[in-house]
Structures are given as structure tokens and as C-alpha cells.
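Presented below is the structure to which this report refers.
Please treat every number below as a calculation from the coordinates, not as lab data. Remember, it's a predicted structure, so these values are computed and weren't measured experimentally. As a convention, Cβ positions derive from the backbone with ideal geometry for all residues, glycine included, and neighbour counts pool all protein chains shown.
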Amino acid sequence: MNRRFYLKCLAKFAERRCCAIHAYVLMSNHVHLLVTPAANGAVAALLQDLGRTYVRILNTVHGRTGTLWEGRFKSSLVDSENYLLTCHRYIELNPVRAGIVNHPAQYPWSSHAHYALGLTNALITEHPAYLGLGNDSGERRSAFEMLFHEELDPPILATIRNATNAGAAIGSEEFLTRTASITGLPVRLPQRGRPHKKAAVSSGAESISCKLL
């Protein structure tokens, strides 16, 4: 993956589609994004734009044809009030869980340096959940770093992974009930059978996963 070019394309199309990028990590074979869209369908449009441009140019450069991605992207609606920072940690801790680095600040291809080290990244829009961590940038950075002193609990990891794979929402019981009522669609993890259809009405951020072939 040409990570620098991918981020350039991501910034371009996020602005075009009015999607706020809160967190990201670019791994060797997949990408995770935390995004708030301004309208329904905006995230899908962003990723379609990104995929078309990124794949076309990389295919031209490397003399290849076909897709780079394994199937369509997977996404989950996130309860911003209760789960956004948890999903944020999940994303930026990917390189640590993969054994690539010992701390997320050591990995250059994520949003972590913007939040924890104060290295401004124009791609990033800070979510109100992050802004609420302190009264100024120093307080927020300190509080944010504290969140990474402990690993995510295995049940939380499993919840995020399973919800993303199934297209289910991630949030409190109240959030899930309210979202299901608004959309008229099932938003909880399915017990068995095929994954349910993704909710058509957005409420909060979305956690996105895209996997390369």
C-alpha cells in the first residue's frame, strides 16, 4: 500500500463528501477509519471515490489490473457518547496488537501522533468526545494518553470486531434500542444466519474497515 498517496486521496474525498475523519490507521493489508458523515450515504460515496482513484492510479503505476480490495468495506454505527473513544483506541492500537510496535506513538501511519504528540494533521477533525477530555490542548493530550496506559479488555475487542464484521451498531442498550426504533432495522449483532442490512439512518460516527487482497 502506498500510504502517503492513500492519505492524500482520503483527505481530498473526505472534503468532497463532507465526511469528518476522526481517527485512522493504515496497516499493510487493511485500513480502519472513524468517520462522521454529514449525510446518509456519504461514507459509501467517500470510499467509492477513494477506491476508484487509488486503485486506478496504483494499477497504472504497477502495471496491474483488477481490484486491490477484498470485498466491500465493512462499517458499524458508533454510539459517540459512550463508545467513540473506545473505538478510537481500538483503531490506533492495531499496530500494537499486531506486534509491529510497542506503543501506538511509534507507528507513523495513524492519527495517534496528532492527538498524543500534538503533531497537527490537517486530515483530522477532532470529535467533541475528544474535545471534552480537557479545557485546553495540553489537558486533552494528557487525558488522551492516559487512555492508552491499559489495553482494551478482550470482551470489548470482541464486540468491536464482531459488530464491524456483521455491520451491527456499537453502543449502549439505550442507543441500540433508539437506533432500531429510528431506522426500523435490526442493529444488534445477529444470533445466526446472514448479517443484517445496514441501517439507513446515521446517528453518530462510523467505524470503517477495508481489507486489501
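Some observations on this one:
- Peptides 91-98, 170-177 ranked from most to least packed give 91-98, 170-177, packing being the mean of other C-beta atoms within 10 angstrom over each peptide's residues.
- Taking Cβ atoms as reference points and 13 Å as the exclusive limit, the residues near L117 contribute a net charge of 0, counting Lys and Arg as +1 and Asp and Glu as -1.
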